Amino acid sequence: MTSNLTVGVLGGGQLGRMFIEAAHRLNVKVVALDPNENSPAKQISGLKHMHGSFKDSEAVKELSSQVDLLTIEIEHVDTESLKVLNVQPTAKTIGIIQDKLVQKEHLKSAGSPVPEFAGLDSIKDAVEFGQKHGFPYLLKCRMGAYDGRGNYVVKSRDHVEEAWNALGGKLLYAEKFVPFTKELAIMVVRSVTGEIASYPVVETVQKDNICHLVYAPAQIDGVVAQNAAKIAREAINSFDGAGIYGVELFDTPDGILVNEIAPRPHNSGHYTIDACHTSQFENHLRAILGLPLGSTDMKVPAALMVNLLGPETYELTKKSLVIPGATAHLYGKEEAKPGRKMGHITIVADSFAQLQSRGAMLADIKTIKPRPLVGIIMGSDSDLPTMKPAAVILEKLGVPFELTIVSAHRTPLRLVEYAKSAHHRGLKAIIAGAGGAAHLPGMVAAMSPLPVIGVPVKGRCLDGVDSLYSIVQMPRGVPVATVAINNSDNAALLATRILGSSIPTYLDAMSNYMEEMEKEVNVKIEKIETQGWKDYNTGK
Amino acid sequence: MKVPAALMVNLLSPETYKLTKKYLVISGTTAHLYGKEEADPGRKMGRITIVVDSFSQLQSRGDMLADFKTIKSRSFVGIIVGPESYLPTMKSATVILEKLGVLFELTIVSTHRTPLGLVEYAKSAHNHGLKVIIAGADGAAHLPVVVAAMSPLSDIGVPAKGRCLNGVDSLYSIFQISCVVPVAVVAINNPDNAAPLATRILGSFIPTYLDAMTNHMEDMGKGVKIKIKKQGWKEYSITKWLVTLIR
């Protein structure tokens, strides 16, 4: 690589600013074209930037003549003039994506799952769409919309005209309302060499139609996340051109749907600067220059991005300075108008438990249910009373878990499925309780690389010694961590210690728990000394 | 630190760009170039930071890092034995840990003969950087339990077969402990299982060890498949199996 490459970027907002930050580290120069003379991107580099509209074909040509390669930080550009210039992603791709109807048609024909939609030419079409697909539905502008602007929820037949006129009555299309359970997003990057990679799936939370929070990774089943990433990569592979793409998805009871695509760095990918090995901005640069792509893996266990909007920006930034793991990114914009994106804060943490408590230090933000880290399984519902104490302790120690029945002898295929997928789904340890010829823990250990804790359950005969021997005497190479008969309490504590070996939050939880135990005994010692042993009531 | 381990390499003139390109293919690498013109040899032109999930991963990226001085990393697993006579048996755990690339230390800590040493060891283990403890003991086998009572780390107990009672005494001593102090018990005289269990515990958060474990399990499967195909049952030699049984 050489040190005298220059990239021109259409648009000079915060995305351009963060792109320049990444390019600088690789000695790549960036020149921005933006009408604002003091735009966020222009502030942070001393190069001679261009002042003018990125929709103006003369200005774009002039920029192109000054640089080795063009790219964009906004898709609402003049694609006609870009067609003859050296730009990534390609003018064709930007053209398809900037018209949301054409984008949807493209995705549908490429086989990507998308919600029902239709182009509309008249109010009559809009009424018919509602009658066919039901109200409410979404009326959307095909071009130029962002951050929820240009969208209108059509509540009923009576609201069609109102919606139609509110959006200007032309270049509109309709989209069926999707009853999603979560809004997800994923950044996908493809190099000019064809190499493609995707970042983790994240969960986005919107407030007033603007991206408010991004939780990474999304607290969904890991196998579902793998599938979502595959759908996103396939969608991006249907487009020409290199660069980073933001793919917004809906998680619905019937599966993943693709909502929208952006052919540029995306707000849902800002967390990658602090939480991933290579940020979306650096990978965009690597992709358009044909350098090897950087790892898209997270380098921390959990991250939360909070957008800073309007006047509250500085108060939140100040607060963030005392939160461990928080990094503030301000965009250098002058006027903190309500709703304007002024910056963002990324908080990283060792676990979701820690992330949520750090997030709460910043603001009263929406928390999400963390993905289970421990799986409790038992051979039969009759084992539940024995296994319940494990659940109670995990709850007390703040360890997210799941509990279900998996029988080695009656649901053998479910056992295989459970054991094989456990670590892909996000579990870190498995607690398995079984009685009699207790094969459940050993079989799970034979198929999963995770630590498996076996709880021998006392059955009708042999006092649980049968279960103990079945679980503890595993052959060499296939270990089960065995705890005492009927003692699922210890299984939960052991699971917490396992988490604690890598997550300081749980190591602390365990240390505190041990101190509490000591205190409890100390209270008893004092009691026995003050009351005397004769009157001491053990209460048991 | 927000990551488990990192390495910074200074880039000195004149090989900056050649090296930068070489490093860009390593996962977890971030280059920071300073925008200086190439100049006299030795000038600091930039730096590379490589972030990894463990020191083992840093070493496993050896091809790219071949020219670098590696340093001995801190142990993750502490193996302790009560009776020194149990050391030879415990050695099989070290062989497996070595194979799986897990760094460990091994020492003698006796509950009944060095009780203060035991307290010191258990109380400070997590501060030294250990993540898992494997403790082997026989007879009235208190070592793993007492360690678990004083350390917040995961503690794996290996019941050793002593002179009497076939190791059932050790098993019960380790395993039937009170409701609040967990020890992960493996089979009698089976430190071979303590080593992969420790690796699994590391692997639940360190991808390098999860991969090591997955590969180890695949190897075991292949080993069995080879046996299945071997010789025919008449000539099949089971000497190794018999040895194991006798041991």
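The values are calculated or read from the model by the stated rules, or taken from the named source; none is laboratory data. Since the structure is predicted, the reported quantities are computational estimates derived from the model, not experimental observations. Positions of Cβ are generated from backbone atoms using ideal geometry, with glycine treated the same way; all protein chains shown enter the neighbour counts. Note: accessible area is taken over every heavy atom of the protein model, side chains too, but ligands, DNA and RNA are not part of it. Shrake-Rupley method; radii C 1.70, N 1.55, O 1.52, S 1.80 Å.
For the reader, a short list of remarks on this structure follows.
- Those residues of the stretch A:1-24 which are of a type in the set (Ser, Thr, Tyr) and in a loop (DSSP other than H, G, I, E, B), in sequence order: A:Thr2, A:Ser3
- Checking the stated criteria, A:Ile20 turns out to be without any contact (Cβ under 8 Å) to a residue 60 or more places away in the chain, under 30 Å from the mean Cα position of the chain (by Cα) and either open to solvent by less than 20 Å² (accessible area, probe 1.4 Å) or within 28 Å of B:Glu38 (Cβ to Cβ) (or both).
- Count of residues meeting criterion [touching a strand residue (DSSP E or B) at 6+ places or on another chain (Cβ under 7 Å) and open to solvent by 10 Å² or more (accessible area, probe 1.4 Å)] in the stretch A:113-124: 7
- Unique match (being part of a helix (DSSP H, G or I) and among the hydrophobic types (A, V, I, L, M, F, W, C)) among B:Leu58, B:Leu106: B:Leu58
- For A:Asn237, the conditions (1) within 26 Å of A:Glu417 (Cα to Cα); (2) over 11 Å from the mean Cα position of the chain (by Cα) all hold with the exception of (1).
- Condition check for A:Ser112 on (1) free of Cβ contacts under 8 Å to residues at least 12 places away in the same chain; (2) among the small types (Gly, Ala, Ser); (3) closer than 15 Å to A:Val178 by Cβ: one failure, at (1).
- A single member of B:Thr70, B:Thr94 is surrounded by fewer than 15 Cβ atoms within 10 Å (Cβ to Cβ) and polar (S, T, N, Q), and it is B:Thr70.
- Close pairs (6 angstrom Cβ cut-off, 6 or more residues apart or separate chains): under 15 Å from A:Pro400 (Cβ atoms) in the stretch A:496-507, acidic (Asp, Glu) anywhere: A:Ile503/A:Asp350; A:Thr505/A:Asp350
- Residue match in the stretch A:76-95 (condition: within 25 Å of A:Glu234 (Cα to Cα), out of contact with any Pro (no Cβ under 7 Å at 6 or more places or on another chain) and in a strand (DSSP E or B)): yes
- Criterion: under 19 Å from the mean Cα position of the chain (by Cα) and surrounded by 24 or more Cβ atoms within 10 Å (Cβ to Cβ) - qualifying residue of A:Ser279, A:Ser295: A:Ser279
- Candidate set: the stretch A:325-338, residues that are part of a strand (DSSP E or B) and without any contact (Cβ under 8 Å) to a residue 24 or more places away in the chain; chosen: the one most open to solvent (accessible area, probe 1.4 Å): A:Leu330
- Among (1) within 13 Å of another protein chain (Cβ to nearest Cβ); (2) closer than 30 Å to A:Ile347 by Cβ; (3) of a type outside the set (A, V, I, L, M, F, W, C); (4) in a helix (DSSP H, G or I), the one test that B:Thr20 misses: (2)
- Qualifying positions in the stretch B:91-112 - closer than 24 Å to B:Thr208 by Cβ and among the hydrophobic types (A, V, I, L, M, F, W, C): B:Ala93, B:Val95, B:Ile96, B:Leu97, B:Leu100, B:Val102, B:Leu103, B:Phe104, B:Leu106
- Single match in A:Ser448, A:Ser488 (criterion: hydroxyl-bearing (Ser, Thr, Tyr), farther than 15 Å from B:Ile177 by Cβ and more than 7 Å from chain B (Cβ to nearest Cβ)): A:Ser448
- Meets criteria (closer than 24 Å to A:Leu5 by Cα, open to solvent by 40 Å² or more (accessible area, probe 1.4 Å) and out of contact with any Asp or Glu (no Cβ under 6 Å at 6 or more places or on another chain)) for A:Ser65: yes
- Residue match in the stretch B:129-151 (condition: more than 12 Å from chain A (Cβ to nearest Cβ), open to solvent by 10 Å² or more (accessible area, probe 1.4 Å), modelled with pLDDT of 90 or more and over 23 Å from A:Pro456 (Cα atoms)): no
- Residue check, A:Met474 farther than 17 Å from A:Ile430 by Cα, facing chain B (nearest Cβ under 7 Å) and surrounded by 13 or more Cβ atoms within 10 Å (Cβ to Cβ): no
- Number of residues in the stretch B:8-32 that are surrounded by fewer than 16 Cβ atoms within 10 Å (Cβ to Cβ), in contact (Cβ under 8 Å) with a residue 40 or more places away in the chain and under 28 Å from the mean Cα position of the chain (by Cα) equals 1.
- Considered as a group, the residues in the stretch B:185-220 that are in contact with an Asp or Glu (Cβ under 7 Å, 6 or more places away or on another chain) and of a type outside the set (Ser, Thr, Tyr) include one that is farthest from the other protein chains (Cβ to nearest Cβ), and that residue is B:Pro207.
- Look at (1) within 14 Å of another protein chain (Cβ to nearest Cβ); (2) assigned to a helix (DSSP H, G or I); (3) of a type outside the set (Gly, Ala, Ser) and you find that A:Asn27 fails only one, number (2).
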